[in-house]
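Step one of this worksheet: look at the structure below.
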Amino acid sequence: MDVNNFYVSCERVFRPDLEGVPVVVLSNNDACIIARSQESKGLGFKMGALFHKVLPDLKKAGVKVFSSNYPLYGDMSDRAVSVYRQFTPRLEIYSIDESFLDLSGFDELLDLGQKIKQTTKRDTGLPVCVGIAQTKTLAKIANRIAKKNPQYNGVFKLEAGDAEQLQKIENADIWGISRRLDPKLQELGIYNALDLSRADPKKIRQKFSVVLERMVYELNGISCLDLEEVAPAKKGIMVSRGFGQYQDKYPRIQEAVAVYATRAGEKMRKQGLAANTLTTFLRTSPQGDAQTYYSNSHTVAFPEATNDTALIIKAAWWCLKKIYRPGLKYQKAGVFLDGLVNADCTQKDFFFKPDTGKSKTLMTVLDKLNKDHGRDTVRFAASGVSTDWKMRQRMVSPRYTTSWDDIKTIP
Ligand SMILES: [Mg+2]
């Protein structure tokens with residue numbers, strides 16, 4: 001399953017007037033284009049194009065521009081997955097807009113695909129394409145075919161050995177094959193998915209890797225990539241953002257770092273994790289004067305793994321103090337939590353005696369209030385009240401589905 005032009009489609013669910021209108025969505029701080037509607041693609045706007053450079057062209061072409069609205073996209077993604085779950089309990093959430101569904105045991109797969117597509121559209125408003133095949137690699141190709149060829153009405157079933165279709169898929173369009181790898185494959189006379197499917201797996205393993213050998217099997221309908229129903233535990237949690245405008249005042253940077261620390265704490269508690277170490281980093285703009293470029297980080301280890309926001313902010317500030325140099329204009333800061341462990345079985349420290357019961361209750365209440373009444377209903381004073389360091393999101397749409405204040409009203 002893959003949602004078509006996902007971010008743009010999320011915006012359109014609540015703005016049906018934008019149907020047929022060229023739309024683009026921008027990255028954090030409104031830096032560059034990260035999603036385009038079909039119309040914008042047709043007008044030649046490229047992925048990754050710098051917003052300030054293409055702004056005159058966007059205006060001239062009448063393109064509607066949005067800042068990214070991750071609360072909306074995350075929630076819409078959850079809604080789509082909950083529709084998929086009505087059809088099969090076995091699924092892997094691969095990315096914010098892609099999932100693999102295990103349909104083994106089902107018949108009439110094309111009809112089923114249509115049904116999943118229609119139900120998703122009806123229940124969430126999101127347009128999806130369905131690619132059906134015996135392996136994940138082939139399913140990704142099938143989805144691509146469904147998307148590019150309107151005659152299939154959004155659902156395509158690809159058989160292993162379908163020479164006509166596989167021939168049309170270039171190397172770099174195969175899942176997991178990078179542009180860098182493409183010329184090396186071409187040297188061996190492999191130009192498309194069909195060629196790769198007919199290559200000798202052993203030879204591919206010798207020349208490249210076991211990963212690519214598996215790809216050959218996958219293209220032949222022999223499944224080598226399991227469905228990952230449980231997302232692998234995260235290695236670390238990073239919250240970092242560029243400031244909307246350069247910051248040189250220590251208290252403002254402290255506030256930003258406190259907010260990032262708060263978000264990182266929320267993420268950990270949501271996953272039942274606690275961190276053993278914390279790193280704060282800070283830098284000036286890499287685009288600025290090379291003479292004054294400054295970037296530094298500092299790491300501390302907690303006496304015991306924690307997910308208490310108060311402790312996380314304290315540690316993040318302690319690190320910040322070590323790396324802050326006055327007189328510089330900073331562009332970005334971040335907080336990274338690592339050494340993640342299950343919060344219920346942490347290694348205890350003999351001398352450290354925190355009030356874990358109180359901390360746990362406090363964090364649970366905090367999370368509940370913020371979940372029920374909206375983000376930051378209750379927050380640490382450390383994160384301040386000023387907002388001038390905040391991300392630039394000049395054209396962000398309302399958080400229609402996650403904030404009571406933003407709920408759509410019908411006049
Ligand atoms: Mg997509």
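Taking every DSSP beta bridge with both residues inside the chain, roughly what % is antiparallel (nearest 5)? Could the numbers behind the result be given before it?
On the way: 38 of 44 bridges.
Antiparallel bridges: around 85 percent, rounded to the nearest 5.
Report the net charge of residues surrounding Asn171, where surrounding means a beta-carbon distance below 15 angstrom and charges are Lys +1, Arg +1, Asp -1, Glu -1. Display every interim value, and only then the final one.
Details: positive: Lys140, Arg144, Lys168, Arg179, Arg180, Lys184, Arg198, Lys207; negative: Glu170, Asp173, Asp182, Glu187, Asp195, Glu218.
Local net charge: +2.
For the chain, build the charge dipole from Cβ charges (+1 Lys, Arg; -1 Asp, Glu) around the Cα centre, then report which of Asn153, Val239, Ser104 sits farthest towards its positive end.
Final value for the positive-end residue is Val239.
Only Cα pairs under 8 Å and at least 6 apart count here; give the relative contact order of the chain as a rounded whole percent.
Working: 684 pairs, mean separation 64.0, N = 411.
Relative CO of the chain lands at 16 percent.
What does region 181-226 give for Rg and for Dmax, in Å, if only its C-alpha atoms count?
9.9, 31
Listed here are the pairs Lys115/Lys157; Lys267/Lys332; Lys157/Lys207; Lys121/Lys408; Lys115/Lys148; Lys41/Lys64; which of them are more than 23 Å apart at the Cα?
On the way: Lys115/Lys157 14 Å; Lys267/Lys332 20 Å; Lys157/Lys207 32 Å; Lys121/Lys408 19 Å; Lys115/Lys148 20 Å; Lys41/Lys64 13 Å.
Over 23 Å Cα-Cα: Lys157/Lys207.
Using a 7 Å offset from the Cα along the Cα-to-Cβ direction at both Val211 and Met47, what is the distance between the two label points in nm, to one decimal?
1.7
Less than 14 Å Cβ to Cβ from Gly288, Lys/Arg counted +1 and Asp/Glu -1: what total charge do the surrounding residues give?
On the way: positive: Arg283, Lys329, Lys332; negative: Asp248, Asp289.
It works out to a net charge of +1.
Work out, in µm²/s and without decimals, the Stokes-Einstein translational diffusion coefficient of region 282-408 at 37 °C, 0.692 mPa s, Rh from Kirkwood over C-alpha pairs. Before the final figure, lay out each step's value.
Details: Rh = 18.1 Å.
Calculated translational D: 182 µm²/s.
Determine ³J(HN,Hα), in whole Hz, for all residues of region 260-266 in sequence, where each value follows from phi through the Karplus function 6.51 cos²θ - 1.76 cosθ + 1.60 and θ = phi - 60°; x replaces Gly and Pro.
Using θ = phi - 60°, the values come out as 5, 4, 4, 4, 4, x, 4 Hz.
Just how large is the dipole of the chain about the Cα centre, in debye to the nearest 20, putting +1 at every Lys and Arg Cβ and -1 at every Asp and Glu Cβ? Mind showing how you got there, number by number?
Values: 61 positive and 47 negative charges, 280 e Å.
I would put it at about 1340 debye.
Suppose each label sits 7 Å from its Cα in the direction of the beta carbon; what would the Arg379-Trp404 distance come out to in nanometres?
According to this spin-label approximation, the distance is 1.9 nm.
Can you check what the net charge comes to around His298, using other residues whose Cβ is under 11 Å from the Cβ of His298 (Lys, Arg +1; Asp, Glu -1)? Each step should come with its number before you reach the end.
On the way: positive: Lys321, Lys322; negative: none.
Net charge in that neighbourhood comes out at +2.
What is the ratio of the Cα radius of gyration of region 104-189 to 2.2 N^0.38 Å, with N the residue count, to two decimals? Could you put the intermediate results ahead of the total?
Numbers: Rg = 14.8 Å, N = 86, 2.2 N^0.38 = 12.0 Å.
Relative to the rule-of-thumb radius for its length, region 104-189 sits at 1.24.
Please compute the modelled spin-label separation between Val365 and Ala61, points set 7 Å along Cα→Cβ, answer in nm with one decimal.
For Ala61 paired with Val365, the spin-label model returns 5.3 nm.
What residue among Leu166, Leu181, Leu112 shows peak mean-square fluctuation when the chain is described by a Gaussian network model with Cα springs under 10 Å?
In this elastic network of the chain, the residue with the biggest mean-square fluctuation among Leu166, Leu181, Leu112 is Leu181.
Take the Cα coordinates of region 19-132, assign each an equal point scatterer, and use the Debye formula without solvent to give log10 I(q)/I(0) at q = 0.10 Å⁻¹.
Values, matching the q order: -0.40.
Can you work out the base-10 log of I(q)/I(0) for region 160-264 at q = 0.16 1/Å, using the Debye formula on its C-alpha atoms alone?
Reported log10 I(q)/I(0), two decimals: -0.74.
To the nearest 20 debye, what charge dipole does region 167-267 have about its Cα centre, counting +1 at the Cβ of each Lys and Arg and -1 at the Cβ of each Asp and Glu?
360
Please name whichever of Gly288, Gly357, Ala316 sits farthest to the positive end of the charge dipole of region 264-381, dipole taken about the Cα centre and charges placed at Cβ: Lys and Arg +1, Asp and Glu -1.
Positive-end residue among those listed: Gly288.
How large is Rg over Rh for region 266-335, taking Rg from the Cα atoms and Rh as the Kirkwood inverse mean of 1/r across Cα pairs? Write down the numbers at each step before the final one.
Working: Rg = 14.2 Å, Rh = 13.2 Å.
Radius of gyration over Kirkwood radius for region 266-335 works out to 1.07.
Read phi for every residue in region 318-328 and hand back ³J(HN,Hα) as whole Hz from Karplus 6.51 cos²θ - 1.76 cosθ + 1.60, θ = phi - 60°, with x for Gly and Pro.
Running phi through 6.51 cos²θ - 1.76 cosθ + 1.60 with θ = phi - 60° gives 4, 5, 4, 4, 5, 10, 5, 10, x, x, 9 Hz.
Given Cα positions, please report Rg to Rh for the chain, the hydrodynamic radius being the Kirkwood one. All intermediate terms of the calculation are to be shown ahead of the outcome.
Values: Rg = 24.3 Å, Rh = 24.4 Å.
Taking Rh as the inverse mean 1/r over Cα pairs, Rg/Rh reads 1.00.
Assuming 0.36 nm per residue, please report the length gained on full extension of the stretch Glu187 to Ser297 beyond their Cα-Cα distance.
Numbers: separation 110, 0.36 × 110 = 39.60 nm, distance 4.36 nm.
Stretched out fully, the Glu187 to Ser297 stretch lengthens by 35.2 nm.
Given charges of +1 on the Cβ of Lys and Arg and -1 on the Cβ of Asp and Glu, with all other atoms neutral, how large is the dipole of region 26-83 about its Cα centre, in debye to the nearest 20?
Details: 8 positive and 5 negative charges, 59 e Å.
Approximately 280 debye in magnitude.
Rounded to the nearest 500, what is the 222 nm mean residue ellipticity of the chain from helices alone, with -39500 (n - 2.57) per DSSP H run of 4+ residues and division by all residues? Can you show the working numbers first?
Values: 14 runs with 156 residues, N = 411.
Mean residue ellipticity at 222 nm (helix-derived): -11500 deg cm²/dmol.
Read-outs throughout are calculated quantities, based only on the coordinates presented, and are distinct from any laboratory measurement. Model, not experiment: these values are computed from the prediction. Glycine gets a Cβ as well: all are built from the backbone with ideal geometry, and neighbour counts include every protein chain shown.
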